[in-house]
Structure formats: C-alpha cells, structure tokens
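Inspection log for the structure reproduced underneath, given as structure tokens.
Bear in mind that the values in this text are calculations on the coordinates, not laboratory data. Please read all numbers here as calculations on a predicted model, not as lab measurements. Don't worry about glycine lacking a Cβ; one is built from the backbone with ideal geometry, like all the others, and counts go over all protein chains shown.
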Amino acid sequence: MLKGMTLTQFLLKQKRTSSGIDENIIGLMEGVATIAKVISREVSQAGLIDLLGYQGDINVHGEQVQKLDAFANTTFINVLGSSGFLTGMASEEIEDFYAVPEGTPRGNYLLSFDPLDGSSNIDVNVSVGSIFSIHKKISSGDAVSVTDFLQKGRDQVGAGYVIYGPSTMLIFSLGSGVQGFTLDTSIGEFLLSHENIKIPIKGKIYSINEGYAFMWEERIKKYVDGAKKEGKTLRYVGSLVADFHRNLLKGGLFLYPADSKNPQGKLRLLYEASPLAFIVEQAGGAATTGSQPILDLLPEKLHQRVPLIIGSINDVKQVEAC
Ligand code: AHG
Ligand code: MN
Ligand code: MN
C-alpha cells in the first residue's frame, strides 16, 4: 500500500519499474507540482489580493482573460520555461507556441496546457483547475516546430490535471495507470491519496449544459432523454476539470457536444480533450468526439476545438448507439 507516499518517492519508484520514465519526466512532474502549489495559494487568496475579475484583454478565443488566467499562465512559463526539461510550450492563453529560447537549457519534451480551467467560476469560489499534456519532441534539430505540438493524443508521454477545490489534487498518468495526489498544505507536499484510479464502467451521472438543449443534434437529445428516463442525476459545475474529476471517481458521462452555435464544440483538443482522454482511457473509460476516439485525432491547429463526450465506457457506448 503506497498511500501517503510523496510525489517524489512515487516518481522515483516509477522510474525503477517503467522504462519510459527518465529524470526529465520526473523534473517535469515536480515542476507541475510546484506550479500547482503556487496557483493553489493564489486561488485561495484571489479575493484578497486583487486577482479576481477581468484582466483587461481578450485571448485568441475571443474570451475575456481573467487575472487568474494570466497569473496561472505566467506561473507555468516561469517554473518550467527554463527548467531544462522542455523545448516548447503551448498554452490556451498564448496564440502561438512558446519556444524555449536558444542558449536556455532545453529537454526533449513539450508541454501543452490550460493554465486555468473554469475561469467563469473563479469569482464565485467554485472549483477550478489546470490541465496539462506531455509529448516527446519528434522534429529533427534543436528548435521546436508546430508539428511537435500537433501529435495524436495517443502518443502523449503523460497527462494530468490539478483541481483547486476543497482540497488541491494532482491527478496524472505516465502511461501505467492513473494516480491521485492530495496537497498536504501543512508540509507543502503532494501525498498519494488515490492509487490506481479506475472509472466505474457505468455511472448514474450525466453532465451537460442543458441551456443549449435547443441547439443539440438529435442523438444528444435522445441520449439525454434516455438518461432522464433512467433516473440519472444531472451534475454540471461549469469547470471541465471539476465535472470530469467527479465522474472519474463516481462514474458518469460529461458531454460538450457540437451544437448550432459551436459547430466544432467549445473545448480545445490539445490541452483539454486530449489530456483528459488519456487519463480516462488509462482509468478504463472512453472519450470520443461522437464519431471517433479523441486520442486518434491528429490535431491541425494549436487551438482546435472538438466535441467531447467522456467518461464511463458503457455510457459513451450508449451515446454512440443513439
Ligand atoms: P476555460 O475556463 O479554460 O475557458 O474552460 C471553460 C470551459 C470548461 O471548463 C467548461 O466545461 C466549459 O467551459 C463550460 O462552458 P459553458 O459555460 O458553455 O457550459
Ligand atoms: Mn478550460
Ligand atoms: Mn482556461
């Protein structure tokens, strides 16, 4: 029983047992843990240190950038940008990818991330998160190119998310199962609390923004009607990380389908759908666009949107059968 093991001890143990874990990955994951601690501290104090509200500019998606979005993005860049583990980073908050400058130590990994997920919930003290995805550099030469970021989700080296909720948790997979660590703020350590997470094959929860029901395609309407007839519970927080995490632990299905307003859906492939799809498949669940597995999609653009149906495998199959 490894419960209570620190993240560092766990990663070193993983290095002994799985070949794919090198010291760069360990350094990268330790960096993500540091980022999570810093953002967690700011999120919990946001109301006191003028970090709530709109920062004053609009991002590449045409969305208002919250102050905490910008803070979280800067934290990712500051902690990992010159860590020596990465050649480049892609962020929801940056239009083009960030290439680690020449002359700065570089490693052969790439990090794509949503620095703060659920921005609309920051000012009302509802759980938010960060999502990250790790790929290995595939282009030749030292410099990073956009093709390095546009790799299939199935080729991720690792992926995970942080949820800033009643407790701060770091959930990730490096390809051999899903582990959950809870931040013990009294000692500033992430300790293993959820070992080898598996999602129930069927859930009693469905998560979708029913406000858009009039714009759904027929089969989504059919699935949701069926879910109601089955007596399923609707739970929708409005933070993807919070909705996903609850369904991962309890079983259930999250849907952000394409609709007449968002023909490609709203969520982004590279740093929202793909990392969570990696996690859910490692946990025995499934993630689809509605017509193909998320992990098999070859991204064409950094900020490409994609419909996302993700969670318990039987529930995903039920939608596909509609
Ligand atoms: P972000 O704050 O990173 O832009 O993500 C917000 C996303 C996701 O967290 C959530 O599931 C979805 O927006 C909610 O969208 P609606 O408000 O349209 O339901
Ligand atoms: Mn998001
Ligand atoms: Mn975001």
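Residues in the stretch 160-171 carry Karplus couplings, in order, of x, 8, 10, 10, 9, x, x, 10, 9, 10, 10, 10 Hz; the curve used is 6.51 cos²θ - 1.76 cosθ + 1.60 with θ = phi - 60°, and Gly or Pro positions show x.
Give the lysines reachable from Lys232 as a straight Cα distance under 25 Å; neighbours fewer than 8 places away on the same chain don't count. By straight Cα distance, Lys232 reaches Lys198, Lys202, Lys204, Lys221, Lys222, Lys250, Lys266, Lys317. Of all complete DSSP H helices in the chain, those with a Cα span along the helix axis of 18 Å or greater and a mean Kyte-Doolittle hydropathy of -0.5 or more are 23-45, 67-80. Close amide H contacts of Gly180 (hydrogens built in the peptide plane, cut-off under 5 Å, sequence separation of 5 or more or a different chain): Ser193, His194, Glu195, Asn196, Ile197.
Label separation (Glu63 vs Ser140): 3.9 nm, computed from points 7 Å beyond Cα along the C-beta direction. Scanning residues 5 or more positions from Gly158 or on other chains, those with amide H under 5 Å from its amide H are Ile134, with H placed 1.01 Å from N in the peptide plane. When each of the peptides 299-306, 185-192, 263-270 is scored by how many other beta carbons lie within 10 Å of its residues on average, the order from highest to lowest is 263-270, 299-306, 185-192.
Around the amide H of Gly107, modelled in the peptide plane, lie the amide H atoms of Gly84, Phe85, Leu86, Thr87, all under 5 Å away and 5 or more residues distant in sequence or on another chain.
Once both labels are positioned 7 Å from their Cα atoms along Cα-to-Cβ, the gap between Asn262 and Ser186 label points is 4.1 nm.
Computed from the alpha carbon atoms alone, the convex hull of the chain holds 132 Å³ per residue.
Segment Asp296..Thr74, full-extension length gain: 76.9 nm, with 0.36 nm per residue of separation and the alpha-carbon distance subtracted. log₁₀ I(q)/I(0) of the stretch 205-321 at q = 0.09, 0.10 Å⁻¹, via Debye over equal Cα point scatterers, no solvent, to two decimals? For the requested q values the scattering log ratios are -0.20, -0.25.
Within straight-line reach of Lys136, meaning a Cα separation under 20 Å, sit the following lysines at least 8 residues removed in sequence or on another chain: Lys15, Lys152, Lys301.
Scattering from the stretch 7-194 was approximated by placing one identical point on each alpha carbon and applying the Debye formula without solvent; log10 I(q)/I(0) at 0.13, 0.16 1/Å stands at -0.67, -1.01.
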